[in-house]
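Report on the structure given below.
The values are calculated or read from the model by the stated rules, or taken from the named source; none is laboratory data. Not measured: the values here are computed from a predicted model. A quick note on method: Cβ atoms are made from the backbone with ideal geometry, for glycine too, and the neighbour counts reach across all protein chains shown. Note: accessible area is taken over every heavy atom of the protein model, side chains too, but ligands, DNA and RNA are not part of it. Shrake-Rupley method; radii C 1.70, N 1.55, O 1.52, S 1.80 Å.
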Amino acid sequence: MGFFTDAYDLFCISLVTKLLGRIYYTEPNAPKPGTLPPSVQSAVTGVALVGTLAGQLFFGWLGDKMGRKKVYGLTLILMVICSVASGLSFGSSPKSVMATLCFFRFWLGFGIGGDYPLSATIMSEYANKKTRGAFIAAVFAMQGFGILGGGIIALIVASIFDHKYNVPTYEENAAASLMLPQFDYVWRLILMFGALPAALTYYWRMKMPETARYTALVAKNAKQATADMSKVLQVELEVEEEKVQKITGGDRNQYGLFSKEFAKRHGLHLLGTTSTWFLLDIAFYSQNLFQKDIFTGIGWIPPAKEMNAIHEVYKIARAQTLIALFSTVPGYWFTVAFIDYMGRFAIQMMGFFFMTVFMFALAIPYDHWKNSDSKIGFVAMYSLTFFFANFGPNATTFVVPAEIFPARLRSTCHGISAAAG
């Protein structure tokens, strides 16, 4: 549920940026509705990712220092508070509303960033080797449902407001096509809903014991680790103090992140996990956050002046929900089903290959797609890039760092890898 919330909060902003442009930047008697200036658009869309990067590094490091459980609750509280605060963004001018929105979105991203290394690490430390890949991938697969959830909530909110206030298109009556302050509530409600799943998850996070691998191998308390796992598995376990001391003892297991020993053992691993995540997210995040512009560019969504403000939100949400439903979500669950049979490497290489093929097939004949009467071919291939991102590197880049690094540095290294993305 943490990952459901992460994806909802990160990607729901793309559903409402056009509405923000209409509300705060429409000039009187202009031929078409207002849009966010490029610098404001970039800030509103990207500031949460800046927060996420910082949160991944900070909470990843903290998770190895203080333990997974303590930090896990902290990230969730931050997400709840900042989701609500984003919807309450205040100010008397467009600039001040956007500034406060960006401020709260940064700290929301900071909390989300902590969820990445901690969710992956906790799941990998609870799971057994045989099904570990599927379990970690299943945590990440909730990102698909979060994106889908954002679209569905936007559709519901837009439908309610559309039925209550039946307003004309911008072309018919510019002033009446944007009901203020009523339509100002739409984007606020969509952003604030992200607090609900996070708040509901808090109780279960606090009930969860610390992972046994952290307690035994990092905190070096074999007795507590055994008691915790006995409770989780509901079986009696014996304390193996000597075994734990043997594993954690000696200089070979005391090396730090910036040591020669770490570079020798895991330097190439870290280079691999950071570079693949970096390369994937250039494509994945830009495609997700700027979907609406691509849909408008190829004419799948009508020009802004032919719709009123609420219809625009509805059409963008509908397009993004369809893409999520038929390509994004199935891609994640294909990974869950096949990762422990095909392996991480094969899925990652296959995903990168097919993403490349479909992006070239969209980009090279782009004028043909743009001028074609039928948009089905473009949308189908565009959907397949999402499918193979998720049945491919988007899921595997999350799984591998949670498995490949030692317990003492696992959360930190996962955070560094995610931050590279």
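Structure notes:
- Options G377, G421: the member that is farther than 20 Å from T52 by Cβ and of a type in the set (G, A, S): G377
- Check on G299, touching a residue at least 40 places away in the same chain (Cβ under 8 Å), over 21 Å from T26 (Cβ atoms), open to solvent by less than 50 Å² (accessible area, probe 1.4 Å) and part of a helix (DSSP H, G or I): no
- If you go through the stretch 262-292 and keep only what is open to solvent by 20 Å² or more (accessible area, probe 1.4 Å), of a type in the set (S, T, Y) and under 18 Å from the mean Cα position of the chain (by Cα), you end up with T274, T276, Y285, S286.
- Check on G51, buried (at least 16 other Cβ atoms within 10 Å of the Cβ), at pLDDT 90 or above and out of contact with any helix residue (DSSP H, G or I) (no Cβ under 7 Å at 6 or more places or on another chain): no
- Those residues of the stretch 99-126 which are open to solvent by 10 Å² or more (accessible area, probe 1.4 Å) and more than 19 Å from the chain's Cα centre (by Cα), in sequence order: A99, T100, Y126
- Yes/no for A389 being open to solvent by less than 50 Å² (accessible area, probe 1.4 Å), over 22 Å from the mean Cα position of the chain (by Cα) and not basic (K, R): no
- Helices (runs of 4 or more DSSP H) (entirely within the stretch 1-93) containing at least 1 residues that are of a type in the set (K, R): 13-25, 38-66, 68-87
- With respect to being among the acidic types (D, E), more than 18 Å from G151 (Cβ to Cβ) and at pLDDT below 95, D293 falls outside the description.
- Residues of the stretch 110-163 classified as in contact with a Phe, Trp or Tyr (Cβ under 8 Å, 6 or more places away or on another chain) and among the charged types (D, E, K, R), total: 3
- Flag for G377 being under 22 Å from G144 (Cα atoms) and out of contact with any strand residue (DSSP E or B) (no Cβ under 7 Å at 6 or more places or on another chain): no
- Matching residues, the stretch 157-185, being open to solvent by 50 Å² or more (accessible area, probe 1.4 Å) and among the hydrophobic types (A, V, I, L, M, F, W, C): I160, A175, M179, L180
- Qualifying residue in the stretch 17-40 (condition: within 14 Å of the chain's Cα centre (by Cα) and crowded, with 18+ Cβ neighbours inside 10 Å): no
- Some residue of the stretch 82-95 being touching a Gly at 6+ places or on another chain (Cβ under 8 Å), within 30 Å of Y126 (Cα to Cα) and open to solvent by less than 50 Å² (accessible area, probe 1.4 Å): yes
- Extreme residue, farthest from A176 (Cα to Cα), among residues of the stretch 307-351 that are among the hydrophobic types (A, V, I, L, M, F, W, C), buried (at least 19 other Cβ atoms within 10 Å of the Cβ) and in contact with a Leu (Cβ under 9 Å, 6 or more places away or on another chain): V329
- Just one residue in the set P401, P406, P365 is in contact with a Cys (Cβ under 8 Å, 6 or more places away or on another chain) and at pLDDT 85 or above; that residue is P401.
- Condition met for T215 (among the hydroxyl-bearing types (S, T, Y), open to solvent by less than 50 Å² (accessible area, probe 1.4 Å), more than 24 Å from A317 (Cα to Cα) and modelled with pLDDT of 75 or more): no
- Residues of the stretch 392-421 that are touching a His at 6+ places or on another chain (Cβ under 9 Å) and open to solvent by less than 10 Å² (accessible area, probe 1.4 Å): F398, P401, A402, F405, C413.
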